[in-house]
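A.B. asks: Could you have a look at this structure, given as structure tokens, before my questions?
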Amino acid sequence: MENSEIAKILWEVSELLEFKSENPFKIRAYQKAARNIEGLPLSLEESYKSGGIKALKEIPGIGEAIAEHIEEIIKTGDFKKRKELLKEFPKSFLEMIEVQGIGPKTAMLLLKKRGIDSIEKLEKAIKSGALKGLVGFGEKKEQNILQGITHKKKTIGRHLLSEAHEYADLIINQMGKIKEIDQLLAAGSLRRQQETIGDIDILATSKNPEAVMHAFVKLPQVKRILAQGPTKSSVILKNEMQADIRVVDPKCFGAAAHYFTGNKLHNIKIREMAVKLGLKISEYGVFKNDKQIAGKTEEEVFESVGLSYIPPELREGSDEFEAAKKGNLPQLINYPDIRGDLHIHSTYSDGANTISEIAEFAIKMEYEYIAITDHTQSTRVARGQTAREIIKELEHIDELNSSYKNFKILKGAEVDILPDGTLDYKDELLKELDVVVAAVHSRFKMKKDDMTKRICTAMKNKYVNIISHPTGRIIRRRPPYELDMEEILKTASDTGTYLELNSQPDRLDLSDVNCRRAKEMGILIAINTDAHTKETLYFMQFGVSTARRGWLEAKNVINTNPIAKLMKLLYAKR
DNA sequence: GCCGTTTTCGGCCCGACTGTTTTCAGTCG
Ligand SMILES: Nc1nc2c(ncn2[C@H]2C[C@H](O)[C@@H](COP(=O)(O)OP(=O)(O)OP(=O)(O)O)O2)c(=O)[nH]1
Ligand SMILES: [Mg+2]
Ligand SMILES: [Mg+2]
Ligand SMILES: [Zn+2]
């Protein structure tokens, strides 16, 4: 049982409890537990197996009751209380609150008074006028719900960080033309650089908020206005993304930026800390006896509760406060720390650019080195090369290198890890390479033990430097291979193998939480792009963002080193 | 339901916008 599955079950229970109008704090307790479990690097099932209920209760937000539920879920796949709740409310009913504007109260009213228990029935009911006369329902509400249903049908859920970035830049560019705006900031999950983004959150400061809102909702990208007030508006954009905007006075910028960056749990926790100190934190500032005492900058907000500045990528409402209090926050890696890219494809396999085109581009990016790592024979769809074919490429690289100074092209390959854990090239050939990146490209559905053994066997080969995209997940498309991540990490640590943080926006693999776990175990990470075109060498920024979310410092990442040190690290296993 | 360096009971973040409401509940950030 995966953590994500357990989290999903608990989240669903929180929704079921909402329908029953349970104590809102109890509902929040289930939601908190679910969120915390999602962000957990260790397998709950493994923790339970080794430490029982007691180990579960050590996780924040999990107490006696939820720990027992989790035990039951691990043992039977479900738990009694949930099964009972589900008898009352069918699955299709749960989906109703996913429609914008419908919450648990409205859904219950529709169920009780009209027997509506699915989005389909709701749509029919509105169109046939069956909701006329229902308390709290009028023409506008019906139309809003219909539009909400249409919107829901068109969207696929959360967006990749890269897509959201691009679109947010467009909007922010447009907003830059609004005269009344002072400062602009992309906030929310975008600023925290989460791997997926729910909506675009933008903060503006202005002395004339109404004028700003007026101009904002008239932007050409805006399709529909969900809400418009003087300090806050929400719209649906033409690409069906939602955008939320807040406008505040410049003297509130810090507090508003902090609020709008979140995440929610982080906000709640820092506000609780303020309450204990006799203060109040809101998006408008830090207040003592209704008098603003701070809030112009984010630093002031943190300082008011005795914390040093916490970078947005760490604001998850977990243990960042502890670190900030003790002054133990990491010196997070920055993009300019990166000196090269160790996983790139050229026209020798399925890349679009020649090695020299890639090299020229990398030099413009001020890199000191790159590794060309084309596919090997078993990955035929990606034009993987035989041993004979790659020899030509290696000679070509030698030739090119003689023409560069202060820049080096490393000879590499992205070598297939075959199902038995052996590699697609013989050791005699691997020996000729500077960088061996090893990866699984076939038989993704192997059993957990087999897949773990497969990758661990590969790590035990002394020529293997880096395991590429270690879990194989593709965001929104393919779940990770079944893996014992702890075993993988342990073997990486024992063998001195590096793990990749693949920067492709739909991979980001290792994920943020796994990076953090790897760091704790002393494993070094290679942040690579796996670029198949020279322009996508810029995907490095997403890798660095994810690394920052994983608390990584420059020293945890091998490709922040100058070439001489890097070469030493690459030859350390041999 | 969870939690505690004052607490094992009694708190639990704080605010904006909408629609249909004669004064605020519901939903959302
Ligand atoms: N204090 C407080 N702040 C909140 C609450 N809900 C949201 N926020 C703040 C923190 C969020 O990061 C920020 C933006 O809200 P969003 O719903 O857009 O969430 P966020 O961007 O974090 O994630 P997303 O990718 O959009 O799902 O607003 C809340 O209930 N209380
Ligand atoms: Mg957001
Ligand atoms: Mg938002
Ligand atoms: Zn690759």
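A.B. asks: Which far-off residues, 5 or more places away or on another chain, put their amide H under 5 Å from the one on A:A413, with H placed in the peptide plane?
C.D. replies: A:V435, A:V437
A.B. asks: I would also like to ask the following. Hey, can you grab everything whose amide H is under 5 Å from the amide H of A:L501? Only 5+ residues off in sequence or another chain; H modelled, so Pro and N-termini drop out.
C.D. replies: A:L510, A:A526, A:I527, A:N528
A.B. asks: Right, next: Pairs of alpha-carbon atoms within less than 8 angstrom and 6+ residues apart define the contacts here; what relative contact order does segment A:3-154 have, in percent?
C.D. replies: Relative contact order here is 19 percent.
A.B. asks: Which of the chymotrypsin sites (Phe, Trp or Tyr not before Pro) across segment A:348-432 are loop residues per DSSP, with 14 or fewer other Cβ within 10 Å? Could you put the intermediate results ahead of the total?
C.D. replies: On the way: sites: A:Y348, A:F361, A:Y367, A:Y369, A:Y404, A:F407, A:Y425; in loops: A:Y348, A:Y367, A:Y404, A:F407, A:Y425.
Listed in order of number, the matching sites are A:Y404.
A.B. asks: For segment A:340-444, run through the GluC sites (Glu not before Pro) and keep only the ones in DSSP coil with at most 16 other Cβ atoms within 10 Å of their Cβ. Walk me through the intermediate numbers first.
C.D. replies: On the way: sites: A:E357, A:E360, A:E366, A:E368, A:E389, A:E393, A:E395, A:E399, A:E414, A:E428, A:E432; in loops: A:E366, A:E368, A:E432.
The qualifying sites are A:E366, A:E432.
A.B. asks: Then there's this: Toward the positive end of the charge dipole of chain A, about the Cα centre and with charges on Cβ (Lys, Arg +1; Asp, Glu -1), which of A:I409, A:I53, A:V135 goes farthest?
C.D. replies: A:V135
A.B. asks: Filter the trypsin sites (Lys or Arg not before Pro) in segment A:111-156 to those in DSSP coil with at most 15 other Cβ atoms within 10 Å of their Cβ, and list the result. Working shown, then result.
C.D. replies: Values: sites: A:K112, A:K113, A:R114, A:K121, A:K124, A:K127, A:K132, A:K140, A:K141, A:K152, A:K153, A:K154; in loops: A:K132.
Taking segment A:111-156 and a limit of 15 other Cβ atoms within 10 Å, the loop trypsin sites (Lys or Arg not before Pro) found are A:K132.
A.B. asks: For every other residue with a beta carbon closer than 10 angstrom to the beta carbon of A:A352, add +1 if it is Lys or Arg and -1 if Asp or Glu, then tell me the sum.
C.D. replies: On the way: positive: A:K534; negative: A:D350, A:E357, A:E535.
Taking every Cβ under 10 Å from that of A:A352, the sum is -2.
A.B. asks: A further question follows. Counting DSSP beta bridges in chain A, what percent are antiparallel, to the nearest 5?
C.D. replies: Values: 25 of 57 bridges.
So the antiparallel bridges in chain A amount to around 45 percent.
A.B. asks: Further question on the same structure: Order the following by accessible area, largest value first: A:D199, A:D427, A:D420. Probe radius 1.4 Å; ligands, DNA and RNA are ignored. Write down the numbers at each step before the final one.
C.D. replies: Working: A:D199 30, A:D427 70, A:D420 100 Å².
From most accessible down to least: A:D420, A:D427, A:D199.
A.B. asks: Also, I was wondering about something else. Would you mind checking the pairs A:K453/A:K573; A:K411/A:K573; A:K20/A:K113; A:K448/A:K568; A:K232/A:K264; A:K91/A:K113 and listing those with alpha carbons more than 22 angstrom apart? Intermediate values should be presented prior to the final figure.
C.D. replies: Numbers: A:K453/A:K573 20 Å; A:K411/A:K573 17 Å; A:K20/A:K113 15 Å; A:K448/A:K568 34 Å; A:K232/A:K264 17 Å; A:K91/A:K113 19 Å.
Table pairs above 22 Å Cα-Cα are A:K448/A:K568.
A.B. asks: Let me ask something else. Quickly estimate the mean residue ellipticity at 222 nm for chain A, helices only: each DSSP H run with n ≥ 4 gives -39500 (n - 2.57), and the total goes over all residues, rounded to 500. Could you put the intermediate results ahead of the total?
C.D. replies: Details: 24 runs with 251 residues, N = 574.
Rounded to the nearest 500, it is -13000 deg cm²/dmol.
A.B. asks: Give me the dipole magnitude in Debye, nearest 20, for segment A:3-154 about the Cα centre, with unit charges on the beta carbon: positive for Lys and Arg, negative for Asp and Glu. Intermediate results must be reported in sequence, preceding the final value.
C.D. replies: Working: 29 positive and 23 negative charges, 147 e Å.
Here segment A:3-154 has a charge dipole of around 700 debye.
A.B. asks: Something else now. Given Cβ point charges of +1 (Lys, Arg) and -1 (Asp, Glu) and nothing else, what value in debye, to the nearest 20, does the dipole of chain A about its Cα centre take?
C.D. replies: Values: 89 positive and 84 negative charges, 398 e Å.
Charge dipole, chain A, about its Cα centre: 1920 debye, nearest 20.
A.B. asks: In chain A, if the dipole is taken from +1 on Lys/Arg beta carbons and -1 on Asp/Glu beta carbons about the Cα centre, which of A:F19, A:C515, A:V217 is farthest to the positive end?
C.D. replies: Going by the charge dipole, the pick is A:F19.
A.B. asks: Divide the volume of the convex hull of the Cα atoms of segment A:268-344 by its number of residues and quote the answer in cubic angstrom per residue. Mind showing how you got there, number by number?
C.D. replies: Numbers: hull volume 9.5 nm³, N = 77.
Taking the convex hull of the Cα positions in segment A:268-344, it is 123 Å³ per residue.
A.B. asks: Among DSSP beta bridges whose residues both lie in segment A:369-490, state the antiparallel percentage, nearest 5. Intermediate values should be presented prior to the final figure.
C.D. replies: Working: 2 of 17 bridges.
Antiparallel bridges: around 10 percent, rounded to the nearest 5.
A.B. asks: Two decimals is fine: what's Rg over Rh for chain A, C-alpha atoms, Kirkwood radius as Rh?
C.D. replies: Computed over Cα atoms, the ratio is 1.00.
A.B. asks: Turning to a different aspect of this structure: When Lys and Arg each count +1 and Asp and Glu each count -1, what net charge do the other residues less than 12 Å away from A:K87, Cβ to Cβ, add up to?
C.D. replies: Numbers: positive: A:K80, A:K81, A:R82, A:K83, A:K91; negative: A:E84, A:E88.
Combined, the nearby Lys, Arg, Asp and Glu give +3.
A.B. asks: Might you report the magnitude of the Cβ-based charge dipole of segment A:299-438 about its Cα centre, with Lys and Arg at +1 and Asp and Glu at -1, to the nearest 20 debye? Mind showing how you got there, number by number?
C.D. replies: Working: 14 positive and 29 negative charges, 61 e Å.
Roughly 300 debye, rounded to the nearest 20.
A.B. asks: Of A:H165, A:H214, which has the most accessible area with a 1.4 Å probe, and how do the rest follow in descending order?
C.D. replies: Details: A:H165 50, A:H214 105 Å².
Ranked from most to least accessible, the order is A:H214, A:H165.
A.B. asks: I would also like to ask the following. If amide H atoms are built 1.01 Å from N in the plane of the peptide, which residues on other chains or at least 5 residues away come under 5 Å of the amide H of A:R224?
C.D. replies: The answer is A:I236.
A.B. asks: For the full complex of protein chains and a 1.4 angstrom probe, list A:K519, A:K223 by accessible area with the highest value first.
C.D. replies: Numbers: A:K519 55, A:K223 100 Å².
These residues rank, largest area first, as A:K223, A:K519.
A.B. asks: In a shell of Cβ-Cβ distance under 14 Å around A:A125, excluding A:A125 itself, what net charge do Lys and Arg (+1) and Asp and Glu (-1) give?
C.D. replies: Numbers: positive: A:K112, A:K113, A:R114, A:K121, A:K124, A:K127, A:K132, A:K141; negative: A:D117, A:E120, A:E123, A:E142.
My count for the surroundings of A:A125 gives +4.
A.B. asks: Of A:A324, A:T297, A:F287, which is farthest along the charge dipole of segment A:283-334 in the positive direction, counting Lys and Arg as +1 and Asp and Glu as -1 at C-beta?
C.D. replies: Ranked along the dipole, the leading option is A:F287.
A.B. asks: Could you please state, rounded to a whole Å, how far the C-alpha centre of segment A:403-444 is from the C-alpha centre of segment A:237-271?
C.D. replies: Going from one Cα centre to the other spans 45 Å.
The values are calculated or read from the model by the stated rules, or taken from the named source; none is laboratory data. Predicted model, so just to flag it, every value in this text is computed and none were measured. Note: ideal-geometry Cβ built from the backbone for every residue, glycine included; neighbour counts use all protein chains shown. Ligands, DNA and RNA are excluded from the accessible area calculation, which covers all protein heavy atoms including side chains. Shrake-Rupley method; radii C 1.70, N 1.55, O 1.52, S 1.80 Å.
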